[in-house]
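The values are calculated or read from the model by the stated rules, or taken from the named source; none is laboratory data. In this text, all values refer to a predicted model and were calculated from it rather than measured experimentally. Counting neighbours? That spans all protein chains shown, and the Cβs are built from the backbone with ideal geometry, glycine included. Heads up: the accessible areas ignore ligands, DNA and RNA and are worked out on the full protein's heavy atoms, side chains in. Shrake-Rupley method; radii C 1.70, N 1.55, O 1.52, S 1.80 Å.
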Amino acid sequence: MLQVTNLQFHYPESGFQLSLPSWMVPEGEQAALIGPSGSGKTTLLSLLAGILQPEAGEIELLGKPLHQMSETERRNLRISQCGLIFQSFELIPYLNVVQNIQLPYYLNPVLERSSDVEFRAYQLAEQLGLSSYLQNRVTSLSVGEQQRLAICRALITQPQVILADEPTASLDQTNAERVMDVLFEYSREQKAMLIMSTHDPALFTLFEHRLDFASLVSSPV
Amino acid sequence: MWRPLFLAWNALKYYRTRSLLLMFCLAITFSLPLVSRMLIVDFESQLRSRADATPLVVGARGSRFDLALHVLYFKEPALPTIPYREYDRLSRTDLGTAFPLHRQLTVQGTPLVGTTSGYFPFRDLLIAEGRSIGRLGDCVVGAQVAKDWDVHPGDHLTVDATNVFSIAGIPPLRLNVSGVLKENQSADDDAVFVTVQTAWVATGIGHGHSGSPDTDHNVQGKNPEETQKTLGAAALLPYTEITDENIGQFHFHGEQLDFPITAVIFDPLGDRESTLLRGQYVSDEAEYQIVSPSQVVDELMEVVFQFRFFLDLAAVLMGITTGCLLLLIGWLTLQIRQAEIKTMVRIGSSRSMVFQLHAAELGLLLIGAGVVTGIVLLVIKFVGASLLVQFLV
């Protein structure tokens, strides 16, 4: 379960301020963060992932109080329980497709790279139509393929929470639908929480929970 | 530890041009001081071992360096000569053993050294094939020469002409290869040896006569080291090859004791004898000089050590420059890879893992540079010092 209470955060450089009095997403359910660009969706996702620390308020994720945890604890929770999908994919150019999928296992010893990790990587690649490109460099992939690869990387650790930052923003409709299908399917099968930011109204109706940022963000001081 | 190594290895492979450039920059920085040090140590050792095995050298007054290098490495063929009489005098003393040296000619550019057969045991030179240089017109070739030219006993070599444009010039002498020396890792490997008398024939001092087969008067050709007879005859006809048929016709005009040699190597019986002999050449009026090659090499090495100082200085400056460049490249790399580092941290990598990744990259580059440096040092170890001796001396 995700429970946010009296959350406060602001960027000193820009004056941007985010306030979230209360928000809750039950385990295994899907939530959409709705709002225009620059409204703070990415900031909230970073706070939920423990990348940023709130100035005030509480965030409880999977029963753990993020606001009380050390940076190392948050990092370990993030890499083992959260699957992050970034808007700009953020793939590593010097690793091939299958290595990029397994990237979390190269970054933190909390994740043990057992023999089934590679098998899972192949399965995910096949599921998302990347099995023909396993040894390819990521630079040789199309935009749609790169986004699907980023989703594979997010799912390889079998996370309990998926935090996706506009994963369909740069995709055509076919690819966008394919990505959404994969994310929802995973969320339902694994009973994993899916929190996704989007400004595409067509996607709003798919989610059980919606958080509209228009009402949350105060203007720069 | 495998995680940062795996990522570093893949990053280095991906940015391979940059990685190779960095690796070679590091290798050059490591190699330069090490190579110069190794070369100079080997160079000194090679110079010293040969110099130490050559106790004293007598020659014309002039440059001590030229005389020492002439005897040690058969350099400076234009050295002023001394008469054979000086060798004769030294060989008659009971202070030690003398060996004459005549080094004015070449065979296909290789030094032709006139001496006695006693030179070989003195230098610990062994005959690998054939026999020594007892007979007029015979030559023994050094191991490297034999290898390069593929010559064996029974083959022939021709002495280089000294004056190809003169009608009255001395015709080149064709030598009979009588033996090949075993490899000695010294200048002797790159020389052709004949008796002093054969060298004189090659320079035109001795020659043959057509129609004058008076073998009684030509004993000198049969036993060239001992005879001092000179013969005169008419109807001079130069020969270019000494054969069994014409050997008796070869002879010398004039007093052999006055014939030129370029130096005498002297091996004294002990320190006392060495001091006594050196005393004979102390006077300013002494016609000839005596030098100890070891002392000459000491002086030469002082110059080389100064040269090494500059090399070391250059290496330090190069190291500083490379260090600055590496810092710049490192900083630029971090800037370029900022997004990649940010992604890693956002996914769940610690800062220390990012540091380990870059440290592993640097470590792998250093290992690569170390391997290249090792190979360079290995190559230099086998060929460098010999090349340097040939180049510098």
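Listed by first and then second residue, the pairs with beta-carbon distance under 6 Å, at least 6 apart or on different chains, first residue in the stretch B:1-28 and within 14 Å of residue B:360 (Cβ to Cβ), second open to solvent by 30 Å² or more (accessible area, probe 1.4 Å) and part of a helix (DSSP H, G or I), are B:4/B:356; B:8/B:364; B:12/B:364. Given the options A:60, A:112, A:55, name the one that is within 13 Å of chain B (Cβ to nearest Cβ), more than 25 Å from residue A:145 (Cβ to Cβ) and either open to solvent by 60 Å² or more (accessible area, probe 1.4 Å) or β-branched (Val, Ile, Thr) (or both). Criteria check complete, one pass: A:112. So residue B:161 passes all but one of these: (1) surrounded by fewer than 20 Cβ atoms within 10 Å (Cβ to Cβ); (2) in a loop (DSSP other than H, G, I, E, B); (3) in contact with a strand residue (DSSP E or B) (Cβ under 9 Å, 6 or more places away or on another chain). Which condition number does it fail? Every listed condition holds for residue B:161 apart from (3).
Give the number of residues within the stretch A:130-169 that are outside any loop (DSSP other than H, G, I, E, B) and not charged (D, E, K, R). Residues that pass the stated criteria total 20. Can you spot a residue in the stretch A:180-195 that is open to solvent by 10 Å² or more (accessible area, probe 1.4 Å) and under 19 Å from residue A:48 (Cα atoms)? Within the stretch A:180-195, one or more residues are open to solvent by 10 Å² or more (accessible area, probe 1.4 Å) and under 19 Å from residue A:48 (Cα atoms). All told, residue B:319 falls short of being more than 14 Å from chain A (Cβ to nearest Cβ), assigned to a helix (DSSP H, G or I) and either open to solvent by less than 20 Å² (accessible area, probe 1.4 Å) or at pLDDT 80 or above (or both). Of all positions in the stretch B:322-339, at least one carries a residue that is of a type outside the set (Ser, Thr, Tyr) and in contact with a His (Cβ under 8 Å, 6 or more places away or on another chain). Against the test of being within 15 Å of the chain's Cα centre (by Cα) and either within 14 Å of chain B (Cβ to nearest Cβ) or closer than 30 Å to residue A:109 by Cβ (or both), the options A:33, A:66, A:48 yield a single qualifying residue, A:48. Only a single item in (1) β-branched (Val, Ile, Thr); (2) crowded, with 19+ Cβ neighbours inside 10 Å; (3) within 14 Å of chain A (Cβ to nearest Cβ) is not met by residue B:17, and it is number (2). The single condition among (1) more than 8 Å from chain A (Cβ to nearest Cβ); (2) buried (at least 16 other Cβ atoms within 10 Å of the Cβ) that residue B:348 does not satisfy is (1). Against the condition closer than 28 Å to residue B:309 by Cα and either in a helix (DSSP H, G or I) or in contact with a helix residue (DSSP H, G or I) (Cβ under 8 Å, 6 or more places away or on another chain) (or both), how does residue B:20 come out, does it pass? No: the conditions fail for residue B:20.
Selection over the stretch B:283-316 of residues that are part of a loop (DSSP other than H, G, I, E, B) and of a type in the set (Asp, Glu) gives a count of 3. Scanning the stretch A:80-92 for residues that are open to solvent by less than 30 Å² (accessible area, probe 1.4 Å) and at the interface with chain B (Cβ under 7 Å from one of its Cβ atoms) turns up A:84, A:92. Quickly run through the stretch B:54-77 and pick out the residues that are open to solvent by 10 Å² or more (accessible area, probe 1.4 Å) and among the aliphatic types (A, V, I, L, M). B:60, B:69, listed by residue number.
Within the stretch B:370-388, not a single residue is in contact with a Leu (Cβ under 6 Å, 6 or more places away or on another chain) and either open to solvent by 70 Å² or more (accessible area, probe 1.4 Å) or at pLDDT 90 or above (or both).
Answer with yes or no whether residue B:359 is more than 9 Å from chain A (Cβ to nearest Cβ) and within 12 Å of residue B:22 (Cβ to Cβ).
Answer is no for this residue.
For the stretch B:106-138, the set of residues classified as more than 22 Å from residue B:78 (Cα to Cα) and open to solvent by less than 40 Å² (accessible area, probe 1.4 Å) consists of B:118, B:120, B:122, B:123, B:125, B:132, B:133, B:136, B:137, B:138, listed by residue number.
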